[in-house]
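The block underneath contains the structure these notes are about, expressed in C-alpha cells.
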Amino acid sequence: MSAWDDLQWALAKGDPACKNDGRFTAESGEHDAVLREVCERCPVLQQCRSFARSAPRNRTWGYFGGLVRRTKPQVRTGR
C-alpha cells in the first residue's frame, strides 16, 4: 500500500482538524506555529507525514504532517 493509500484509509476513519482549513495550503508562513500545534494533535499525523515525505515536491504543497511544503507547482505555458 502506498503512503497516499494509507493516508486515505486513515482519513476515512476520522476527520483531522485541518479538514477544509485553507491555512494548510496557503503559501504564507504566518501560521506555521499554530498549524504545527494542530498537526501534533491530529489522529492521522503519521500517515500524513509519511505521505508528505514520499510525495513528489512538484505535486504537493502546504502543511502535511507538520512538514512545510512551500513551493506550488509551476504551470507551464506552451510555446
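Being under 14 Å from residue 68 (Cβ atoms) and hydroxyl-bearing (Ser, Thr, Tyr) is the filter; apply it to the stretch 6-56 and report the residue that is least open to solvent (accessible area, probe 1.4 Å). So, considering only residues that are under 14 Å from residue 68 (Cβ atoms) and hydroxyl-bearing (Ser, Thr, Tyr), the one least open to solvent (accessible area, probe 1.4 Å) is 28. Comparison of 32, 6 shows that the only residue that is modelled with pLDDT of 85 or more and more than 11 Å from the chain's Cα centre (by Cα) is 6. Checking each residue in the stretch 14-44 for being free of Cβ contacts under 8 Å to residues at least 24 places away in the same chain and either out of contact with any helix residue (DSSP H, G or I) (no Cβ under 6 Å at 6 or more places or on another chain) or on the phi > 0 side of the Ramachandran plot (or both) picks out 15, 19, 20, 21, 22, 28, 30, 33, 34, 37, 38.
The values are calculated or read from the model by the stated rules, or taken from the named source; none is laboratory data. Predicted model, so just to flag it, every value in this text is computed and none were measured. Please note: Cβ atoms are built from the backbone with ideal geometry, for glycine as well, and neighbour counts cover all protein chains shown. Heavy atoms of the whole protein, side chains included, go into the accessibility calculation; ligands, DNA and RNA do not. Shrake-Rupley method; radii C 1.70, N 1.55, O 1.52, S 1.80 Å.
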